[in-house]
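*Asks:* Questions regarding the structure given below will be posed in turn.
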Amino acid sequence: MNISFETTEKVNGVLTMTIEKEDYQGDVEKSLKDYRKKANVPGFRVGQVPMGLIKRQFGASVKADVINKIIGKNLNSYITDNKIEMLGEPMANEGQVPQDLESDGPFTFIFDIAVAPEFKAELTADDAIDYYDIDVDEKLVNQQVEMFQSRSGHYDKVEEYDGAQNDMLKGDLRELDADGNAKEDGIVVEAAVLMPEYIKVDDQRKLFDGAKLGSVITFNPKKAYPESNTEIKSLLKIDDAKAEELTSDFTFLVTEISRYVKAEVNQELFDQIYGKDNVKDEADFRQKIAEGIKNQLKSDTDYKFLLDVRAYVENKVGELTFPEALLKRMMLSNNKDKGEDFVNEHFDASIKELKWSLIKNQLVKAAGIKIEDADVKAVAKEAARVQFAQYGMSNIPEEYLEKYANDMLKDEKYLDNLVERAIDVKLTDSLKNVVKLNQKTVSLDDFNKMMQEK
C-alpha cells in the first residue's frame, strides 16, 4: 500500500491511497471462508458449498467491503500519525476515476482534505480585557422582593370591582337577542371568568367599573376583543366558526369578585423562600436576595467576558484562509435537502463559528483543560438551579437538583450543550487568571443594553 499527501495553498490537501492485491487478498480469503462455513445453498450441506460458487456469489461484495474497511482504517491512521489538522471529513476527489473491483488492482483512491489554517492563539498577562460587575442595587433587590411577594400571594373575595387592582370576576354569561332579551337557545356560560382590565376597547372595559356582587353588565364580546377571536372562544367556550359570526350582546351576572393580594414581607415569606428559620428578619432577607442575584448574574458576566475574549482574540489572530470551495462541498453534502442557496446563505456564519472553534481549541489546550463527568454534572445542576430560580424557588433540596441534572444528562439533546458549557466555564475561569482584567461596575440596565448590541 502506498499513501501520499500534498497540499496546495496550505489548506487544500489531496491524499492518494493505492491498494495492492496483497493488501486485501488475505482478508478477502478469510471472509469468504467464513461465508462458506455458514452459507445455506440448495443442493449443498452447510459448510460444504464449493469455494468457486462462494466466490462467484459473494466475491465482489466481500472484496468491496474489505477494501472499504482498509480505506477507512488507513485513512484515519495516516491523518492521525501525520498530525494533519483536518476540518470535517475526507471527501472523494471530484476527479476520482471509478475503480474496477472485478480486477485484481491496484486500486487508487483520491480524497480531498480540508486542512485547518496555521495560526497561534495566545493570551498572556499583557492582554487586557474588560470584565463587568453588575451592581446589585436597591432597585434590583426591591424588584426581587416584589416578585417573591407576588408569587406567594393569594386571592381574597371582595364586594366591589376595582380595575386598578386587576380584580377577577366570575359570573354567568347569557347571549341576548336584538331586543335585549335572553336569546332562545343562545350561548350560556356559567361561572365564566373575566378580567376586565384585559379588555382591549375602553368603552367596553369601562362598563365593568364599580361592578358589585349581583351586578348585571351588558357588553359585546366582539367589540371588546376586536383584534382576535382567541379571547372570545375561550370566554364563551365556542369554536372558530361561531366566534367569527358572533355579533350579539351578552349579560354578565357577577357572582364573585376576587382580588390578588401580595404576600407580606414577614417570617412566613422568609421560610417559604429560603427554608424555615434560615432568614431571621427583613435585612437578612434582602441580603440573601442580593447574594442570590449576584450569583445568578455571575454566569451572565462570565458569558459577556467570554464574548469579549472571543472578539479580542479573533482580532489578534487576524484573517484566516480556509478551503472555502471544499468546505462548501461538505456543507452541501450534509444538507442535500436544503440545496446551494442554503449553503450560500449560511456559509459566512459557519466560517465565523469555525474560526472561533479553532481558536477556542487552542486556548483550551494551552490551559490544559480536561472535562470530567463531575464537571458536566455540575453544569447540569446549575442549569436546574437557574430554572427553579426563574420561578422564585430558591430553596431547592439537593436531591431535586440531582434528579433534574441526571435527567438532563440522560437526554442526548442536552448532553453536547452541557459538555460545551462545562468547557466554557473552565476556560473562563482559567482566562480570568491569565489576562489583565479591566474591572468595570455597571447597572443591570446598562449591562443588558451591551448584551443587546452583541
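The values are calculated or read from the model by the stated rules, or taken from the named source; none is laboratory data. All of these numbers come straight from a predicted model, not from anything done at the bench. Glycine gets a Cβ as well: all are built from the backbone with ideal geometry, and neighbour counts include every protein chain shown. For accessibility, only protein heavy atoms count, side chains too; no ligands or nucleic acids. Shrake-Rupley method; radii C 1.70, N 1.55, O 1.52, S 1.80 Å.
*Asks:* Please find, within region 209-230, the residue that is most open to solvent (accessible area, probe 1.4 Å) out of those that are out of contact with any strand residue (DSSP E or B) (no Cβ under 7 Å at 6 or more places or on another chain) and part of a helix (DSSP H, G or I).
*Replies:* K223
*Asks:* Residue check, K262 against (1) at pLDDT below 95; (2) buried (at least 18 other Cβ atoms within 10 Å of the Cβ), all met but one. Which one?
*Replies:* For K262, the exception is condition (2).
*Asks:* Can I ask one more? Need the failing condition index for L140 against (1) closer than 30 Å to D284 by Cα; (2) assigned to a loop (DSSP other than H, G, I, E, B), just the number.
*Replies:* (2)
*Asks:* Sticking with this structure for a sec: Could you tell me how many of the residues in region 165-208 are assigned to a loop (DSSP other than H, G, I, E, B) and open to solvent by less than 80 Å² (accessible area, probe 1.4 Å)?
*Replies:* 9
*Asks:* Also: Taking L75 and the conditions (1) closer than 30 Å to K355 by Cβ; (2) open to solvent by 60 Å² or more (accessible area, probe 1.4 Å); (3) in a helix (DSSP H, G or I), which numbered condition does it fall short on, given that it satisfies the others?
*Replies:* Failed condition: (2).
*Asks:* Here is a follow-up. Applying the selection to region 296-335, what residues are open to solvent by 80 Å² or more (accessible area, probe 1.4 Å) and outside any helix (DSSP H, G or I)?
*Replies:* Selection gives E319, T321.
*Asks:* While we're on this one: Return yes or no: is Q48 at negative phi, at pLDDT below 90, part of a loop (DSSP other than H, G, I, E, B) and in contact with a strand residue (DSSP E or B) (Cβ under 7 Å, 6 or more places away or on another chain)?
*Replies:* Answer is no for this residue.
*Asks:* Give me the pairs, please: first residue somewhere in region 266-281 and β-branched (V, I, T) and open to solvent by less than 70 Å² (accessible area, probe 1.4 Å), second residue anywhere and modelled with pLDDT under 90 and not in a helix (DSSP H, G or I), beta-carbon distance under 9 Å, and either six or more positions apart or on two chains.
*Replies:* Qualifying pairs under 9 Å: I273/S152; I273/G392; I273/M393; I273/S394; I273/N395.
*Asks:* Please enumerate the residues belonging to region 8-55 that are among the aromatic types (F, W, Y), without any contact (Cβ under 8 Å) to a residue 12 or more places away in the chain and open to solvent by less than 50 Å² (accessible area, probe 1.4 Å).
*Replies:* Listed by number, the list is empty, since nothing qualifies.
*Asks:* From the list Q272, Q267, Q296, Q287, which residue is among the polar types (S, T, N, Q) and in contact with a Ser or Thr (Cβ under 6 Å, 6 or more places away or on another chain)?
*Replies:* Q272
*Asks:* Hey, can you tell me all the residues within region 94-126 that are over 29 Å from V11 (Cα atoms) and in contact with a helix residue (DSSP H, G or I) (Cβ under 6 Å, 6 or more places away or on another chain)?
*Replies:* L101, D104, G105
*Asks:* Quick check on region 91-124: of everything there that is acidic (D, E) and more than 30 Å from A366 (Cβ to Cβ), which residue is nearest to the chain's Cα centre (by Cα)?
*Replies:* D112
*Asks:* Name the single residue, out of those in region 123-137 being modelled with pLDDT of 95 or more and either of a type outside the set (F, W, Y) or outside any strand (DSSP E or B) (or both), that is nearest to N74 (Cα to Cα).
*Replies:* The qualifying residue nearest to N74 (Cα to Cα) is L123.
*Asks:* Of the conditions (1) open to solvent by 80 Å² or more (accessible area, probe 1.4 Å); (2) within 35 Å of the chain's Cα centre (by Cα), K233 satisfies every one except a single condition; which number is it?
*Replies:* (1)
*Asks:* Within region 236-259, which residues are assigned to a helix (DSSP H, G or I), among the small types (G, A, S) and either within 30 Å of F285 (Cα to Cα) or open to solvent by 20 Å² or more (accessible area, probe 1.4 Å) (or both)?
*Replies:* A241
*Asks:* Here's a follow-up. Which one of these does A243 not meet: (1) closer than 25 Å to D162 by Cβ; (2) touching a Lys or Arg at 6+ places or on another chain (Cβ under 6 Å)?
*Replies:* (1)
Residues are listed down the side, and each one gets a yes or a no for (1) among the small types (G, A, S); (2) in contact with a Leu (Cβ under 6 Å, 6 or more places away or on another chain); (3) loosely packed, with under 11 Cβ neighbours inside 10 Å; (4) closer than 30 Å to K294 by Cα:
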site	(1), (2), (3), (4)
A64	yes, yes, no, no
I67	no, no, no, no
T80	no, no, yes, no
L87	no, no, no, no
L101	no, no, no, no
I113	no, yes, no, no
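*Asks:* Does E160 satisfy the condition of being of a type in the set (D, E, K, R) and in contact with a strand residue (DSSP E or B) (Cβ under 7 Å, 6 or more places away or on another chain)?
*Replies:* Yes, satisfied.
*Asks:* Name the one entry in K304, K294, K298, K316 that is under 26 Å from A116 (Cβ atoms) and among the charged types (D, E, K, R).
*Replies:* The conditions single out K316.
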